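J.: Please find one structure pasted underneath; my questions will follow.
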Amino acid sequence: MNLLINHGRLRSVCKTLLLTSAFVLLQLQSHDAAAQWSSRSFQKGDALRLTVWQPWRITDGKNQTLDLNGEYPIDSRGNVFLPLIGEIKVVGHNPKTLSEHLKEKFSPYLQDPVIIVEPLIRVTMLGSFKRPGTYLIEPDASFWQLVDKAGGPRDNSNLKKMWVERGGKVIKKDILSGFERAYSLQEMGIYSGDQVFIPDRKRFRIRDALEILRFGVTLINIYFLVDRIGKS
């Protein structure tokens, strides 16, 4: 009887250990994924969105409201130029460390500010979009939001044939499901510098029909010409 009880307790302990190990593993994987994305947060050529709450500037004993909120481009050296504090190195920071760094830099000018920094990645939309071009967007924004920034697809767009390129190589094909399910860019593995292409849907136009008809008439004329020459 004791042996059965001990065996049952052993199974319970093993089950608990397995569940605990699985939970820890998932946490580590989640942390690694977050760290990997965080390391990509700020890149040269991208931008950041700065939001400052309670931005009070002390001037001659009076509080003066400042509007520091906005999107600031990151230059080729990895720096941004911000009001009051000038040029700041941002590449190498994640949003948390950069927020703390900016709070320290703004401290001579702002009284207890709450600073939020968000990375913005750049993605180029090419092909059959209404407004093709390069756009800045949050990495956790949905793919639908990115397409909307480009004005949406044109009427003759072939959504089923969309693809993503990185460094001149196609990395993803047939990404319509990501558009339909509103997956985030992060979930779809779309990073800064990527290019999204959407081709036109091929249509059988009247001009195409006329070209085919003209070609057919030409063949018939050649046939009768050759036949006439043969009879003569």
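J.: Taking the criterion of being among the acidic types (D, E), out of contact with any Phe, Trp or Tyr (no Cβ under 9 Å at 6 or more places or on another chain) and within 12 Å of L48 (Cβ to Cβ), would at least one residue in segment 70-87 satisfy it?
T.: Step one: of segment 70-87, the residues among the acidic types (D, E) are 71, 75, 87.
Next cut, out of contact with any Phe, Trp or Tyr (no Cβ under 9 Å at 6 or more places or on another chain) only: 71.
Now narrow it down to the ones that are within 12 Å of L48 (Cβ to Cβ): 71.
Yes, the conditions are met somewhere in segment 70-87.
To keep it simple, each residue is scored yes or no on (1) at pLDDT below 70; (2) polar (S, T, N, Q).
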residue	(1), (2)
K149	no, no
S157	no, yes
K173	no, no
S177	no, yes
S192	no, yes
R207	yes, no
E211	yes, no
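J.: Looking only at segment 131-177, count every residue that is part of a helix (DSSP H, G or I), within 12 Å of the chain's Cα centre (by Cα) and not aliphatic (A, V, I, L, M) and tell me the total. Please lay out each step first, then the result.
T.: We begin by selecting, within segment 131-177, every residue part of a helix (DSSP H, G or I); these are 143-149, 159-161, 176-177.
With within 12 Å of the chain's Cα centre (by Cα) added as a condition, the list becomes 143-147, 149.
Those left that are additionally not aliphatic (A, V, I, L, M): 143-145, 149.
Of the residues in segment 131-177, 4 are part of a helix (DSSP H, G or I), within 12 Å of the chain's Cα centre (by Cα) and not aliphatic (A, V, I, L, M).
J.: Follow-up. Anything in segment 178-189 that is surrounded by 16 or more Cβ atoms within 10 Å (Cβ to Cβ) and assigned to a loop (DSSP other than H, G, I, E, B)? List them, or say none. Can you show your working first?
T.: So the first thing to find is which residues in segment 178-189 are surrounded by 16 or more Cβ atoms within 10 Å (Cβ to Cβ), and the list is 178-179, 183-186, 188.
The one that is surrounded by 16 or more Cβ atoms within 10 Å (Cβ to Cβ) and assigned to a loop (DSSP other than H, G, I, E, B): Y183.
J.: In this structure, is K105 in a helix (DSSP H, G or I), free of Cβ contacts under 8 Å to residues at least 24 places away in the same chain and under 28 Å from V196 (Cβ atoms)?
T.: Values: in a helix (DSSP H, G or I): yes; free of Cβ contacts under 8 Å to residues at least 24 places away in the same chain: yes; under 28 Å from V196 (Cβ atoms): no.
Taking the combined requirement at face value, the residue does not satisfy it.
J.: Pairs under 8 Å by beta carbon, first residue farther than 16 Å from S192 by Cβ in segment 145-171, partner aliphatic (A, V, I, L, M) and in a helix (DSSP H, G or I), six or more apart or different chains?
T.: Listed pairs, sorted by first residue: P153/V147; P153/L159; L159/L176; K160/L176; M162/L176.
J.: Of everything in segment 98-112 that's surrounded by 19 or more Cβ atoms within 10 Å (Cβ to Cβ) and farther than 30 Å from L146 by Cβ, which residue is modelled with the highest pLDDT?
T.: Step by step, filter segment 98-112, then rank; the result is F106.
J.: Now a separate question. Any idea which of (1) closer than 30 Å to E165 by Cα; (2) assigned to a strand (DSSP E or B); (3) among the hydrophobic types (A, V, I, L, M, F, W, C); (4) at pLDDT below 95 is the one I115 doesn't satisfy?
T.: Result: I115 passes all but (1).
The values are calculated or read from the model by the stated rules, or taken from the named source; none is laboratory data. A quick note: this is a predicted structure, and the numbers were derived from the prediction, not measured. Counting neighbours? That spans all protein chains shown, and the Cβs are built from the backbone with ideal geometry, glycine included.
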